[in-house]
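S.K.: Dumping the structure here so I can ask a few things about it.
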Amino acid sequence: MPASQMPMRYGHPEGHTDVCFDDSGSCIVTCGSDGDVRIWKDLDDDDPKSINVGDRAYSCALKKGKLVTSVSNNTIQLHTFPDGAPDGILTRFTTNANHVVFNRDGAKIAAGSGDFMVKVVDVMDSSQQKTFRGHDAPVLSVSFDPKDIFLASASCDGSVKVWQISDQTCAISWPLLQKCNDVINAKSICRLAWQPKSGKLLAIPVGNTIKLYKRETWRNEFDLSDDFITLPLNVVTWSPCEKYLAAGSINGCIVVWSMETKDCVERVKHEKGYAICGLAWHPTSRQIAYTDAEGNLGLLEKVCDTDGTKSSSKVSGIGNKVYNHLFDDDDSENADNGDFLNENKEFQLTPKGRTDYEDDEDDLMLASGYPRHRNHILEDDDSSVEVALMEKGSHHEKEEKDEQSGSTHAMPLTTSLRPFYDGPMPSPQQKPFQSGSTPPHLTHRFMVWNSIGIIRCYNDDQDSAIDVEFHDTSIHHATHLSNTLNYTIADLSNEAILLACESTTELASKLHCLHFSSWDSSKEWTVDMPPNEDIKAICLGQGWAASATSALLLRIFSIGGVQKEVFSLPGPVVSMAGHGEQLLIAFHRGTGFDGDQCLGIQLLELGKRKKQVLHGDPLPLTRKSYLAWVGFSAEGTPCYVDSEGIVRMLNRRLGNTWTPICNTKEHCKGKSDHYWVVGIHENPQQLRCIPCKGSRFPPTLPRPAVAILSFQLPYCQIGTEKGQMEEQFWRSVIFHNHLDYLSENGYEYEESTKNQAVKEQQELLMKMFALSCKLDREFRCVELAELMTQNAVNLAIKYASRSRRLILAQRLSELAVEKATEVAASLNEEEEDFRNKLNSSSTTEWSQPSIVNRKFEENNSEDSEEADEIEEKTDLHKNKQNPFCKSGSSADGPAIKSVTPGNQGRVNPFKVSASAKESTISVNSTSSNILDNMKKLSKKSTVPNRTSTKEKSPVLKPLIPKPKSKQVPATNFFQPCTSQTDKIVEEKENPENSLSESPAMSAQNTENERPKTGFQMWLEENRSDILADHPNLSQEPDIIKEGINRFRMLSDEERKAWTNKAKGGAANEAETKKRKQPSNDNTKQKEQEKPKENLNLSKKRKPLDISTNQKLSAFAFKKD
């Protein structure tokens, strides 16, 4: 007897409407686009109770006196029933929730939202929430497993996922639905449902059919369909007894199937053909309430016999037909005799009665007459279904035994029992993607967005086109391309545009390149892939293009279309990126578990010297995340971003490890907000990305704005001054590693950039050094000094000495000596390497070896001549030494040797060149005294160099603050004399003066010595007393130290007296020097006549000599 259809009632305004029954079935509850929830006693109720819950209600559910609704203000609200009093907000989303359901006992609710998330919330304690992330589009519907183990959800991304509620992992994912970008564009809202009691089957409306999947094995048991259904189904619901399944379509058809016969038992057509969007089965009687997209409420009565007492003659006949179809001729007699129909009708009529046929891959004809297609869910990803094959097999065996226990003629199992597996479950493998692209199922999408430009794809019913836009229009103008071949992958460089499409039944997969930088007229080329080989990822580099295919092959082409190397990949490709000569490949190196991906990374250099830098090393990812972006920084350093927003960069200095440099989630305002990365820059330090509110990717229109995020390394105690400086220092080190890579590979870069980076790093080290000194962490100070350059160590020694930390200064002095020794050794090694290269150059790389060798010999001859002249000049200085110099014979040897740069071969260090001053100063800084550079930090006179590495005396603070013009640091007292190398450098800086004054240099050498200070004069007179009191003081620095201590014990008057005494002697000496003339007789006569006339000449201005006046006058009156 067919079901009777009651006249429909107006319930809500036009729009989506939902319906449900209360627990007893005494009321019908509906919600609609007006934001009201109405409670109907029956369909004839003329005055239903109305509860306003918001501006718009999308879904409602009722269980145990609790009414829950999803409202337009992005909340899930709770009300009491039937009073309708507000009972709080259970949870919030960033967009509206599309569906909400109760679990079986009413203790929890599940909701799916437009921000791609699914939440499970405890009704009594809303703080107990679980969030399920994994969908790439808005969620359409959710359904609770009656055993509270699994949760099913359908999404606009085309997937239906089953989640493990306990650990929030995805147990299985099926690509069943048609993809769309929003719920309003979905052809079906896909209201799926579990069996209400046992939960053995999950019903999913897919197109015109309903697919039923078995629990835990997740295999498609059978499909239900009918010729009455002509358009996609929208919603399904089970009868409380689990024997019937009802479904409604988008054109108003309502169909009911019997689960015993798999036949359609009821067919009802909506009176106006509106889409059925709500369907609910009465908990006790034979009624089905339904709502349509126009806000109307309808009711079907006498649908079927819920007690299962429907006529069995028809069922029996169908059962015999089924078993005639399934069993061989030997078993046909038992089927004809009705032995299988005695007691266990469910066993005969469902596919659960099969035993050895379950693993048969052939299509079996079911009772409905439709073949079973096992592989229909493998269209998009063949590996996505295999993740569930290791599920708990013993449950499947137990269920079959229970079903067959009531039958006396049950067939024995022929398959062996599988062992019970309760370990971690494998994760579905991530699909290939192109960095900087949005999902391909969108009609308007970004095919790529990188530092060069943007490629957009428009694929709708009217047109299919590709637009290319360049950030810098000087590279190329904007381009519009037709997309007749349905290109889905693209990449863009400053040389070409690369496109790729998958194969079809008629055409092969193609790689299409538009080489717009070519100098000839043919700027396009196309390559067809071999049969059964699809392109999965592509990338462009400097002069080459690469494509990874489904055959696990990577094919490299020249930018002009020449096929080059082909090699196999270790696993299915995930993504690729290119920059210059570098090629970065991410691939699956294994199966991940518990939501983790198991990825590997390869880095190759495709230049003249091809090599592999990363050999398939594991790619670190955040727990339960996947790869979201992979590429290079603008300077050429490999980087990648995972789905949790962690940005990592390759640290070449630390053994090619990956360092996290930014967490974009820290910059997001909401939990559902994300940043879509489009580029990374190291100098300046910028992360260029697009903020996406409630989504993982931006829309094409309106044009999204690019935001710039700062980097921050995840160091501890980042809020403290010490932690901040440590993070800044190491971030500067990491972000300037590319300069070393560029220099090693022969690329050009600005030297000022590296110098600025080193300066910033040394400043940070000095700040940390000063902070550690304040905290009395001297050992930490030495550790920081090990990271400093030699000049910074000298500054640290000065700071330590002025802070009266003599032990620290002594340690730092030893460290500085070690650094100077290392620098000298490295220079010697570089010199030897350069000489070896020159010796081998005649047969390898030099294009004109004879000319080079000739020039090299000429330079050597010039160097030898100049060296002879210098030896003659330096002989004049051998007997003139500082009285405080400890050793004057061997100290200058190493300094002169280390002057020669390692990258110039045997070059005369004293040869005058255009940059003579700079070169000599920089060279001497590496070979002279460790405290030599301290003179650059003050306006004092030049301090003599100390070249002896055996002296390790501490640096002491000056005694009394004096005017800068007369202040002398204490380090003068224990430094050796000025090296001959420095004097020769001064001579080379003034070649004209040196030539004119060279004959009188030896006579003036003693006169140019620094005047003695009061302490020096006191020390000369009291040296014998110090040695008598301390006979164990054998070294000069120790004597000076003891003398300083004694000198400080003197009274202020005594110290001033010695100081004035020293000043008087210095003034007399200066007067004598200035009044000295070439004729010694005239000089003596003038000194006798005016002995006291010029006592203060040291304060007067020195007159210009004749040669200087002549030069200035010639320059002033010089004519063009």
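S.K.: By the gyration tensor of its Cα atoms, with a ≥ b ≥ c the square roots of the eigenvalues, what is the shape of the range 6-80: rounded for a/c under 1.5, prolate for a/b over b/c, or oblate?
M.R.: Working: a/c = 2.05, a/b = 1.21, b/c = 1.69.
Cα axes put the range 6-80 in the oblate bin.
S.K.: Within 10 Å, count the other beta carbons around each residue, average over each peptide in 642-649, 828-835, and list them highest first.
M.R.: Values: 642-649: 21.0, 828-835: 13.8.
Result, highest mean first: 642-649, 828-835.
S.K.: Right, another one. Please state the charge dipole magnitude for the range 509-666, taken about the Cα centre, from unit charges on C-beta atoms (+1 on K and R, -1 on D and E), reported in debye and rounded to the nearest 20.
M.R.: Details: 16 positive and 15 negative charges, 81 e Å.
The calculated dipole for the range 509-666 is roughly 380 debye.
S.K.: Another question, if that's okay. Quick check: the distance between the Cα centres of the range 557-632 and the range 241-301, to the nearest angstrom?
M.R.: 52 Å
S.K.: Right, here's the next one. Once you have a ≥ b ≥ c as the square roots of the Cα gyration tensor eigenvalues for the range 749-818, tell me rounded if a/c is under 1.5, and otherwise prolate or oblate according to whether a/b is larger than b/c.
M.R.: Numbers: a/c = 2.58, a/b = 1.85, b/c = 1.40.
In terms of gyration-tensor shape, prolate.
S.K.: Rounded, prolate or oblate, given the Cα gyration tensor of the range 91-171, with a/c below 1.5 counting as rounded?
M.R.: Numbers: a/c = 1.69, a/b = 1.26, b/c = 1.35.
Cα axes put the range 91-171 in the oblate bin.
S.K.: Still on this structure: Per-residue HN-Hα couplings for the range 118-126, Karplus 6.51 cos²θ - 1.76 cosθ + 1.60 at θ = phi - 60°, whole Hz, x for Gly and Pro?
M.R.: 3J(HN,Hα) across the range 118-126, in whole Hz: 10, 10, 10, 10, 6, 5, 6, 10, 5.
S.K.: Something else now. Modelled label-to-label distance, Met6 and Leu742, 7 Å Cα→beta-carbon offset: nm?
M.R.: 7.8 nm
S.K.: Report the FRET efficiency, 1/(1 + (r/R0)^6), for Lys693 and Phe834, where r is their Cβ-Cβ distance and R0 is 35 Å, rounded to 0.05. Don't skip to the end; give the middle numbers.
M.R.: Values: r = 59 Å, r/R0 = 1.68.
After rounding, the FRET efficiency stands at 0.05.
S.K.: To one decimal place, what orientation-averaged projected area in nm² is obtained for the convex hull of the Cα set of the range 700-785? Mind dumping the intermediate values first?
M.R.: Values: hull surface 36.2 nm².
The number I arrive at for the range 700-785 is 9.1 nm².
S.K.: Collect residues whose amide H, placed 1.01 Å from N in the peptide plane, falls under 5 Å from the amide H of Thr169; neighbours closer than 5 in sequence don't count.
M.R.: Amide H to amide H, under 5 Å and 5 or more residues apart or across chains, Thr169 pairs with Gln164.
S.K.: Here's something else I'd like to know. Distance check, please: which entries in Lys1041/Lys1063; Lys564/Lys611; Lys63/Lys147; Lys187/Lys243; Lys64/Lys147 exceed 26 angstrom between their Cα atoms?
M.R.: Numbers: Lys1041/Lys1063 23 Å; Lys564/Lys611 15 Å; Lys63/Lys147 16 Å; Lys187/Lys243 28 Å; Lys64/Lys147 18 Å.
Long pairs (Cα-Cα over 26 Å): Lys187/Lys243.
S.K.: Right, something else. Between Thr659 and Thr484, what's the calculated FRET efficiency when r is the beta-carbon distance and R0 is 41 Å? Round to 0.05.
M.R.: Numbers: r = 45 Å, r/R0 = 1.10.
Working from the Cβ atoms, E equals 0.35.
S.K.: Put a dot 7 Å past each Cα toward the Cβ at Ala824 and Gln756; how far apart are the dots in nm?
M.R.: Taking the two extended label points, one gets 3.6 nm.
S.K.: Under 5 Å between amide H atoms, partner at least 5 residues away or on a different chain: which partners does Val206 have, H built in plane at 1.01 Å?
M.R.: It is Lys211, by chain and number.
S.K.: Can you compute the FRET efficiency between Ala1057 and Ser1024 using 1/(1 + (r/R0)^6), with r the Cβ-Cβ distance and R0 = 25 Å? Round to the nearest 0.05. Intermediate results must be reported in sequence, preceding the final value.
M.R.: On the way: r = 20 Å, r/R0 = 0.81.
The value I calculate is 0.75.
S.K.: Local charge sum around Gly1014 (other residues, Cβ-Cβ under 10 Å, Lys/Arg +1, Asp/Glu -1)?
M.R.: Working: positive: Lys1012, Arg1055, Lys1056, Lys1061, Lys1063; negative: Glu1054.
With Lys, Arg at +1 and Asp, Glu at -1, the neighbours total +4.
S.K.: Let me ask something else. Quick one: check the C-alpha center-to-center distance for the range 149-216 versus the range 448-509, whole angstrom.
M.R.: The range 149-216 and the range 448-509 have Cα centres spaced 34 Å from each other.
S.K.: Stretch Trp519-Asn1032 to full length: gain in nm at 0.36 nm per residue minus the Cα-Cα span?
M.R.: Once the chain is fully extended between Trp519 and Asn1032, it gains 176.3 nm.
S.K.: Further question: Please report, for the Cα atoms of the range 475-615, the Rg to one decimal and the Dmax as a whole number; what are they, in angstrom?
M.R.: 15.6, 54
S.K.: Starting from the amide H of Gly679, placed 1.01 Å from N in the peptide plane, find each other amide H under 5 Å away whose residue is 5 or more places distant or on another chain.
M.R.: When sequence neighbours closer than 5 places are left aside, the close amide H contacts are Arg688.
None of the figures in this text is laboratory data; all of them are computed from the coordinates on show. Bear in mind that the values here come from a model prediction, so they are computed numbers and not experimental data. Virtual Cβ from ideal backbone geometry, glycine too; neighbours counted across all protein chains shown.
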